[in-house]
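Reading through the structure tokens given below for one structure.
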Amino acid sequence: MEILAILIPISIVFIAIAAAIFVWAVNHKQFEQLDKHGFDIFEEDSGEEP
Amino acid sequence: MTLCTLSVDDMHCSACAGKIQRTLSGINSIKTAHINLVRRQVFIEHDEALAPLDILSAVESAGFSPALSGNTEHDAEHRQLLKRLGIAGLGMMQVMMVAIALYAGDFSHMEPVYKDLLNFVSLLFATPVVCYSAVPFFTSAIGSIRSRGLNMDVPIALAIAIAFSTSLLATVSGTGDVYYDSVVMFTFLLLGARYINAGLQHRFDVSSKLLSALPANAWRLDSTGQHAVAVEDLRAGDRIWVAEGERIPVDGRSEDPQVVIDEAVLSGESDWVEKRIEDRLYAGTLNLGKGFAMSVTARFDQSRIADIARLADQAEIQQASISQLTDRIARVFIPAVLVLAAITGILWQFVDPTRALSATLTVLVVSCPCALSLATPAALTAAMTRLRQLGIVLTNSHALETINTVDKVYLDKTGTLTAATPSITATQTFSTEFDEPACLALAAQLERYSNHAYAKAFHSTNISPRHRSRFFGVTVKTGEGVSGILSNGIEVRIGTAAFTGAKKITGDRGIYLAFGSDIIARFDITNSIRPDASAAVTSLKTFGITPIILSGDSRERCKETAANLGIAFLARHTPEAKLEAIRADQSKGSHVLMLGDGINDVPVLAGADVSAAVMEASDLVKSKADILLLSRKLTSLADLFRIARATRTVTIQNLAWATAYNLTAIPLAALGLMPPWLAALGMATSSTLVMLNASRLLSAQPTQKV
């Protein structure tokens, strides 16, 4: 059971990373207008080659 | 040159504004930048070559967090809630995983040291959930206690606080039970419900959507060309340019002979409208054709759409009083819940002390009357939003309830059932002194003073300069006519045969023009019945409502219209007589809806149980009607009745479901028959179900044209 002493801290680190990524994503508006790209075809092309 | 609008939430002071201004003026492709500190917006005029993203990054590098303009306040709240929910979710997963180990450990006799370790791990993961995610519950509960009331969040906050502190004590002391799993689950599920409801509620928001149709900036035309300005800076008399595909920023008149406009935002009608020179253009409507120039007639906050938004806001203020009512329910309900929870706790102490706390927590969480309090407001707001989309504005949210009692609809004829602008079909002249153009000119100049629908028939008359004359002492007699005195002292009258002193002929519907004591002309005026009037009347009848024409017009005219539509009529009623007719019906127990054109009928409208007005153009605010029909379609009256009935059904369903939920869940929880997770899930679903049921109203279909 001593392995817990390593596994628990590892899981804590993973969760902390996951939480940090999630908060970053929300703050950078990654979850807003999730259907926006569906409407992109109606936009005029910028004229630049991709 | 193109325009772009940035919202900069963290621009608080003029120093910030100055910094942004300097940053932007350093970029060559930016021509002007106009900053509005109050709205925290920056209006930028820039070359097409410059992408808005580059402007964003420039402002960002100056130390701000700009966004391309949108509904920023709601978005920020939404993001905050999403973060709390996400953290609660992650925390919940971990606590649950540990909880499984702990449950398993109970059966396989885990060593106490590992049990303590796992408890500490749960504490570690539950702490951010309580201290970050659950904060809205705590702040709201504390706020309500401070204002000496108890709101819905009090029992929830109490449950979370009790469960967490008990568990904390047990963890530190190493004895007793922990409830971390309940804590995180309450928080996650209730936050989830709140997140979903906030999203639904945003869809219901009536007025914010209306004004969001208005652009923030406009192109002002002057001798040197076109310049970008904020809409706030436009004044009456300015000339502006509306580019292809843009929304019109202010009310005004067209300077272009052919303009194609989509007015759906105002009228709910999807048909395009063509406008010519001098035609009125309304703020918020969409230019579907090529760009055009227009002259501004009113400031942006005096536009028709702003008036409508104000009227809709009025109803929302009343809406707020409904939510105050539910708060009052909560004030009675919540103390009862707290007492009930305490009694549950005390009784379980005698029966089985180990289950006392979990039973108490369950009662606290399950008995929140959230669903009950949301039942009515959710349905009302959803209905008002849907009505708004169909071009019907409620200025009084109680009207929606009253409509269901209405069994009689009085319809004003002129301007309501018939087309608003009648036309002159024939002119007879009786005098050798005045030819037809001269008579028409006299009539038209006098009729300018009248608001009556028939007067509009003369408004389009062309008056040649030699027929120009001035009137003094003009008096308007509603329903009879207009009289005025010329500079040579001769009185000119236009109106009914009785008013002008013409010989009365039975069945005569002409308008007479009298010059002194001589009748000099007779005009035939007709207005056609609106094409959808019969469809509207038919669908009203299917609701069991009797439509009746109530008009000041002559018997013959009313009879003709009434026969066409197959309904009863009351003719030759002055406004006073109309009011009396309504009073008489009301004393017989009828509930009456009066549909008028909103200007001539103000006292009558005020007397009816529900008043509705058809609005063609101005005078929106003057009318005291409960309901404004903005579209030119009469079938929207039928839509109104249908949605009012649907709203009643949804409200009753919601109330029944919420009451049933609370009545079954509370005893089950008090008896310890309901696990805490089910309580939280039930609580969350009960309120979400109410919101979802209400949102059905958003998809109510309009009456089809016949």
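The numbers here are math on the coordinates, done by the rules we state, and not lab data. Here the structure is a predicted model, which means the values were calculated and not measured. Don't worry about glycine lacking a Cβ; one is built from the backbone with ideal geometry, like all the others, and counts go over all protein chains shown.
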Cα gyration tensor category, rounded, prolate or oblate, for region B:32-189 with a/c compared to 1.5: prolate
Can you list residues whose amide H is under 5 Å from B:T32's amide H, if they're 5+ apart or on another chain and H is modeled 1.01 Å from N? B:E45
Please compute the average number of Cβ atoms from other chains found within 10 Å of each residue's Cβ in peptide A:19-32. 4
Would you kindly state how much longer the chain becomes between B:Q701 and B:S61 on full extension, computed as 0.36 nm times their sequence separation minus their alpha carbon distance, in nm to one decimal? 225.5 nm
Name the residue farthest towards the positive end of the dipole of chain B from the options B:A371, B:A581, B:L53, assuming +1 on Cβ of Lys and Arg, -1 on Cβ of Asp and Glu, about the Cα centre. B:A581
May I ask you to order B:395-403, B:332-340, B:680-688 by the average number of other C-beta atoms within 10 Å around their residues, highest value first? B:680-688, B:395-403, B:332-340
Starting from the Cα-Cα distance between B:E278 and B:F472, subtract it from 0.36 nm times their residue separation and give me the gain in nm to one decimal. 67.0 nm
Search the structure for amide H atoms under 5 Å from the amide H of B:Y179, placed 1.01 Å from N in the peptide plane, and list their residues when 5 or more places away or on another chain. B:S167
For chain B, radius of gyration divided by Kirkwood radius, i.e. Rg to Rh on alpha-carbons: 1.10
Given the peptides A:8-15, B:358-365, arrange them by the average over their residues of other C-beta atoms within 10 Å, most packed first. B:358-365, A:8-15
Classify region B:423-526 from the C-alpha gyration tensor, please: rounded if a/c falls under 1.5, else prolate or oblate depending on whether a/b exceeds b/c. rounded
Can you give me the P(r) profile for the protein assembly as shown? Cα pairs, bins 20 angstrom wide beginning at 0, each as a whole percent. 13, 35, 31, 16, 4, 1, 0
Under Karplus coefficients 6.51, -1.76 and 1.60, residue-wise ³J(HN,Hα) of region B:94-109 in Hz, glycine/proline x: 5, 4, 5, 4, 5, 4, 4, 4, 5, 4, 4, x, 4, 7, 9, 6
Between the residues B:I35, B:A441, B:G510, the Cα farthest towards the positive end of the dipole of the protein assembly as shown, that dipole coming from +1 and -1 charges on the beta-carbon of Lys, Arg, Asp and Glu, is from B:G510
Just how large is the dipole of region B:102-232 about the Cα centre, in debye to the nearest 20, putting +1 at every Lys and Arg Cβ and -1 at every Asp and Glu Cβ? 480
Checking the table B:K413/B:K578; A:K36/B:K19; B:K413/B:K503; B:K19/B:K83; B:K477/B:K541 against a 24 Å threshold on Cα-Cα, which pairs fail? A:K36/B:K19; B:K413/B:K503; B:K19/B:K83; B:K477/B:K541
